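A quick write-up on the structure given underneath.
The values are calculated or read from the model by the stated rules, or taken from the named source; none is laboratory data. Just so you know, these numbers come straight off a predicted model, no measurement behind them. So basically every Cβ, Gly included, is an ideal-geometry build from the backbone, and we count neighbours across all protein chains shown.
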Amino acid sequence: MKKTMAFAAALLAASVLSGMASAKTLVYCSEASPANFDPGTTTGGNDFDASSRTVYSRLVEFKHGGTEIEPGLADKWEISDDGLVYTFHLHPGVKFQTTDYFKPTRDLNADDVVFSFDRQFNKQNPWNGDKYLPNLTWDYYTGMDMPKYVAKWEKVDDLTVKLTLTEPNAPMLANLGMDFASIVSKEYADQLEKEGKMADFSTKPIGTGPFQFVDYQLDSVIRYAANPDYFKGKEKIDDLVFAITPDATARIQKVLAGECDIAPYPNPADIATIKANKDVTLLDQAGLNIGYMSYNTTIPPLDKPEVRHALNQAIDREALIKSLFQDAGATPAENLIPPTMWSWNKDVKTDTYNPEAAKKVLADAGLKEIQLWAADRVRPYNPNFQRAAELIQADWAKVGVKANIVNYEWTKYREEGKKKDRPGAFQIGWTGDNGDPDNFFATLFACSAIGVSNYSSWCDKDFEDLIQKAKKTSDQAERTKLYEQAQVIFAKEAPAFLLAHSQVYAVVRNNVTGFKMDPLGIHRFDGVDKSE
Amino acid sequence: MLRYLLNKIALLIPTLVGITICAFAFVRLLPGDPILAMAGEHGVAPARYEELKEQFGYNLPIWEQYARYVREVATGDFGVSISSKRPVLEEFKTLFPATLELSFFAMIFAMVIGIPAGIFAAVKRGSWFDQSLMGTALVGYSMPIFWWGLLLIIFFSGYLGWTPVSGRIGLQFFLKPITGFMTIDSLLYGKWDAFRSALSHLVLPSIVLGTIPLAVIARQTRSAMLEVLGEDYVRTARAKGLSAARVIGVHALRNALIPVVTTIGLQVGTLLAGAILTETIFAWPGIGKWMVDSIFKRDYVVVQSGLLLIALIVMAVNLIVDVLYAVINPRIRAA
């Protein structure tokens, strides 16, 4: 008996010890310091990784690794037939995180949802302006046109919220899955306001997400712990650490040395090294982006589609992509939207390389000189505008068109480029916000975007009708058909030369499971596990 | 001495005014509109643009913006970061100890190796040691910091696994800052393993940051030493029959160190410039990395005030060097 007792005690001790030893820590080498932890006020992907995707949740969420919408804090929702009223039913019993700086006394309710949005537009809300933080601009809320579309947010009862729109806008649901739409705690906000410590709202976050904030050492380390009350169940990882490592090569060395488990954005030059290492895996995915070159379709002879097609045909796109993206690779673009996005039309093909045919059309059109624009900035969809311009210049020279390269600093570049009378071909690109095709088609080529972000000054009635109709239709199958037709028109009219969708990479140690690349460019740690 | 000091301080005032003008002008001379830069690819509607311009004070005439800036700085208000919304001075205070700690160790590394190497090269003038040392110093002086840092990381951390890749301390140590100096804080907490971890994290960045000062100090020590070794009093000392060690260590070195001290002081500027690259490579949370991040984020307030604060520090150090110089070399005070 004694022996059995001793054995049981030893077993107990062993299990307690092993339980202690197995506190799992996942280290993510992030690329930059977050501006702060309030996702309504920030704009960077690194800000969102550190706040909205770890600490917070939203009414609806993007499917992990995709752009489809799935339930989040709202279990279900109804959209009225006229597309104007959205009714959300909240998941009951969702708890805000309990930390040493906040102890919630109630569960999440409709007040929190209404407050989360109200603070972003209502000038009367004390959290909208300087009282909270100086020079707040709420960039995403305004950038996604929320003030134009949202008429009001209302609490129906504790677990029901009603959103009324000014006009039907199908992408709204996708907007609500975006980072700026993270749901914050009104109770916490009230507490801080009473204590006169409103700025703490952005440095000590409280949400309903998978991890809760523990500590941030400026520009160095962020620490989180698994939220024990997470409404989708506690995460398998106990502690999550962000080791802020801005240099790409150092970041990869840290993964290889086992100092961190996951790191995003390796240098293209390091990709061969990573592939050769057997302790780590390189994950990749076509990014939610497009690199393209807009022709000003209002200035002759670029107003003729055949001339634009000819310019496209004169470019050896395969060689161009290889030279620009090198080992990192990129998916040649056939449509404006990437193949990972719903409604991508697989039957549409863009122009193929055919300098002979191009030469004749361009000679007939009398096009001898053209301006070719290049910015000084590295963008995810185009790592080197200048190099691209030089290669395109050489290709066009072969068909008898002399391209004069125009350079500007990035901000000035876009300022000049969006002018209606800007001549020639303008290299630009786009990274999607919410995975909705509208975010590409309407943002970049709607008639109303001329002078803002429609760098082709292209306004095609058929295309416009289709994308406006798709914007007002709630049914996704119906919308898909409309966007597929829009892509056919786009290919026929060729307002732009489509380059590529760049690949996005992350390096993960092999003992990590459940980490997925996200087309939206976010890094999520819910569902991630690690073995010793 | 007091007159000398006051004189030096008076000279700082025009420099200071110049720096405020430069910091202010640089940021405004940068191409591109700060508001548009903040808006990113989305662009910003014209009405909203005007609203933001007013909010940030960019609608005022340029001289009025400058006057406002000087008034604020004079009252110790260095503004609020556009991106993080925290006071710039507060961020600076949080981050500066890290830069100071790194610079201190880099300087120790540069002096401990540079001064003896310089002395030895001077004494053995013309020998293979002298030749190769001066050659190496030239290489060190021309070393691109960025490349050098990555090379050391890949070799010592990646290939050999001797040193950590980057950061200030192992992630298993979770120390709330007391002084902000990781080596001191770890000792205050009484954690030896944390102290060792902090030291090991200092090795590579200190070498990288200290390389250029090391080269400069070695060369300066050598030439100062050579000059002094030719002086009459050294010959006298030798003639008295003093040992070579005593002649070099006491009579020559003391005098040779005067220009070296000035050089070391002047290296502070080099250190802060080098810190920008070193900190970025080694993910060192100091003011260098902070400035780089802010430039990329177009956080003009941080860039402008950060420049000013760094310039103030360089000026303060130069003043201290001038004073020290006067203390060790009485001839200066009279002049």
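From the list B:313, B:295, B:276, pick out the single residue that is in contact (Cβ under 8 Å) with a residue 40 or more places away in the chain and in a helix (DSSP H, G or I).
Selected residue: B:313, the only one of B:313, B:295, B:276 that is in contact (Cβ under 8 Å) with a residue 40 or more places away in the chain and in a helix (DSSP H, G or I).
Determine whether region A:37-50 contains at least one residue that is touching a Gly at 6+ places or on another chain (Cβ under 7 Å), at the interface with another protein chain (Cβ under 10 Å from one of its Cβ atoms) and crowded, with 24+ Cβ neighbours inside 10 Å.
no
Mind checking which residues of region A:122-160 are among the polar types (S, T, N, Q), within 14 Å of chain B (Cβ to nearest Cβ) and farther than 17 Å from residue B:86 by Cα?
Hit for region A:122-160 is A:142, nothing else.
Of all residues being more than 10 Å from every other protein chain (Cβ to nearest Cβ) and crowded, with 18+ Cβ neighbours inside 10 Å in region B:86-95, which is nearest to residue A:132 (Cα to Cα)? Just the residue, please.
In this case the residue turns out to be B:88.
Show the residue pairs that are 6+ apart or on different chains and have beta-carbon atoms under 6 Å apart, the first residue being within region A:448-465 and among the polar types (S, T, N, Q), the second being at pLDDT 85 or above and surrounded by fewer than 17 Cβ atoms within 10 Å (Cβ to Cβ).
A:457/A:298; A:457/A:420
Taking the condition of being surrounded by 13 or more Cβ atoms within 10 Å (Cβ to Cβ) and either away from every other protein chain (no Cβ under 12 Å) or not in a loop (DSSP other than H, G, I, E, B) (or both), how many residues in region B:152-165 meet it?
7
Please work out which residue is surrounded by the most Cβ atoms within 10 Å (Cβ to Cβ), limiting yourself to region A:326-348 and to residues that are of a type in the set (A, V, I, L, M, F, W, C) and in a loop (DSSP other than H, G, I, E, B).
A:337
Which of the residues spanning region B:48-95 are free of Cβ contacts under 8 Å to residues at least 40 places away in the same chain and aliphatic (A, V, I, L, M)?
Result: B:52, B:60, B:62, B:67, B:74.
Among the residues of region A:318-370, write down those that are charged (D, E, K, R) and in contact with a Pro (Cβ under 6 Å, 6 or more places away or on another chain).
Correct list: A:327 only.
Here's the yes/no breakdown for (1) among the hydroxyl-bearing types (Ser, Thr, Tyr); (2) within 14 Å of another protein chain (Cβ to nearest Cβ); (3) farther than 18 Å from residue A:527 by Cα; (4) part of a loop (DSSP other than H, G, I, E, B):
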{"residue": "A:27", "(1), (2), (3), (4)": "no, yes, no, no"}
{"residue": "A:58", "(1), (2), (3), (4)": "no, no, no, yes"}
{"residue": "A:65", "(1), (2), (3), (4)": "no, no, no, yes"}
{"residue": "A:98", "(1), (2), (3), (4)": "yes, no, yes, yes"}
{"residue": "A:114", "(1), (2), (3), (4)": "no, no, yes, no"}
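Only residues that are outside any loop (DSSP other than H, G, I, E, B), under 24 Å from the mean Cα position of the chain (by Cα) and within 13 Å of chain B (Cβ to nearest Cβ): list them for region A:256-269, please.
The one that is outside any loop (DSSP other than H, G, I, E, B), under 24 Å from the mean Cα position of the chain (by Cα) and within 13 Å of chain B (Cβ to nearest Cβ): A:263.
In the set B:196, B:222, which member is touching a Leu at 6+ places or on another chain (Cβ under 9 Å) and part of a helix (DSSP H, G or I)?
Residue meeting the stated conditions: B:222.
Go through region A:43-65 and count every residue that is within 15 Å of residue A:175 (Cβ to Cβ) and among the aliphatic types (A, V, I, L, M).
Of the residues in region A:43-65, 2 are within 15 Å of residue A:175 (Cβ to Cβ) and among the aliphatic types (A, V, I, L, M).
Any idea how many residues of region B:295-316 are among the aliphatic types (A, V, I, L, M) and within 14 Å of another protein chain (Cβ to nearest Cβ)?
Number of matching residues: 3.
Among the residues of region A:116-147, write down those that are among the small types (Gly, Ala, Ser) and in a helix (DSSP H, G or I).
Residues satisfying the conditions are A:116, A:143.
Under 9 Å between Cβ atoms, at least 6 apart or on separate chains: pull out the pairs that start in region A:379-398 with a residue that is touching a residue at least 60 places away in the same chain (Cβ under 8 Å) and end on any residue that is surrounded by fewer than 22 Cβ atoms within 10 Å (Cβ to Cβ) and among the basic types (Lys, Arg).
Cβ pairs passing all conditions: A:396/A:402; A:398/A:359.
In region A:416-441, which residues are of a type outside the set (S, T, N, Q), touching a helix residue (DSSP H, G or I) at 6+ places or on another chain (Cβ under 6 Å) and over 23 Å from residue A:518 (Cα atoms)?
Answer for region A:416-441, where residues must be of a type outside the set (S, T, N, Q), touching a helix residue (DSSP H, G or I) at 6+ places or on another chain (Cβ under 6 Å) and over 23 Å from residue A:518 (Cα atoms): just A:426.
Scan region A:270-283 for residues that are more than 13 Å from every other protein chain (Cβ to nearest Cβ) and part of a loop (DSSP other than H, G, I, E, B) and jot them down.
A:278 - this is the single residue of region A:270-283 that is more than 13 Å from every other protein chain (Cβ to nearest Cβ) and part of a loop (DSSP other than H, G, I, E, B).
Residue B:64 - would you say it is within 9 Å of chain A (Cβ to nearest Cβ), over 21 Å from residue A:40 (Cα atoms), assigned to a helix (DSSP H, G or I) and modelled with pLDDT of 85 or more?
No; evaluated as a whole, the condition is false for this residue.
Looking at this structure, is residue B:292 under 22 Å from the mean Cα position of the chain (by Cα) and either away from chain A (no Cβ under 14 Å) or under 30 Å from residue B:177 (Cα atoms) (or both)?
Judged against the criteria, residue B:292 is a match.
Give all pairs with beta carbons closer than 7 Å in which a residue from region A:219-238 that is within 11 Å of another protein chain (Cβ to nearest Cβ) meets a residue that is of a type in the set (S, T, N, Q) and surrounded by 23 or more Cβ atoms within 10 Å (Cβ to Cβ); count only pairs at least 6 apart in sequence or on separate chains.
A:219/A:33
For the subset of region A:196-252 comprising residues that are in a helix (DSSP H, G or I) and not β-branched (Val, Ile, Thr), which member is farthest from residue A:41 (Cα to Cα)?
Once the filter is applied, the top-ranked residue is A:250.
Among the listed residues B:111, B:107, B:143, which satisfies the condition of being at pLDDT 90 or above, surrounded by fewer than 20 Cβ atoms within 10 Å (Cβ to Cβ) and under 17 Å from the mean Cα position of the chain (by Cα)?
B:111
Let's see how each residue does on (1) more than 27 Å from residue B:36 (Cβ to Cβ); (2) touching a Ser or Thr at 6+ places or on another chain (Cβ under 9 Å); (3) in contact (Cβ under 8 Å) with a residue 12 or more places away in the chain; (4) buried (at least 19 other Cβ atoms within 10 Å of the Cβ):
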site	(1), (2), (3), (4)
A:103	yes, no, no, no
A:112	yes, yes, yes, yes
A:116	yes, yes, yes, yes
A:127	no, no, yes, yes
A:141	no, no, yes, yes
A:144	no, no, yes, yes
A:150	no, yes, yes, yes
A:163	yes, yes, yes, yes
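Out of the residues in region A:417-447 that are free of Cβ contacts under 8 Å to residues at least 24 places away in the same chain and of a type outside the set (S, T, N, Q), state the one that is farthest from the other protein chains (Cβ to nearest Cβ).
The selected residue is A:447.
Condition first: within 14 Å of chain A (Cβ to nearest Cβ) and assigned to a loop (DSSP other than H, G, I, E, B). Now tell me which residues in region B:180-193 satisfy that.
B:180, B:181 - these are the residues of region B:180-193 that are within 14 Å of chain A (Cβ to nearest Cβ) and assigned to a loop (DSSP other than H, G, I, E, B).
Of all the residues that make up region A:451-485, how many are modelled with pLDDT of 90 or more and within 14 Å of chain B (Cβ to nearest Cβ)?
Going through region A:451-485 one residue at a time, the tally reaches 2.
Tell me whether region B:251-259 contains one or more residues that are touching a Gly at 6+ places or on another chain (Cβ under 9 Å), crowded, with 21+ Cβ neighbours inside 10 Å and closer than 24 Å to residue B:119 by Cβ.
yes
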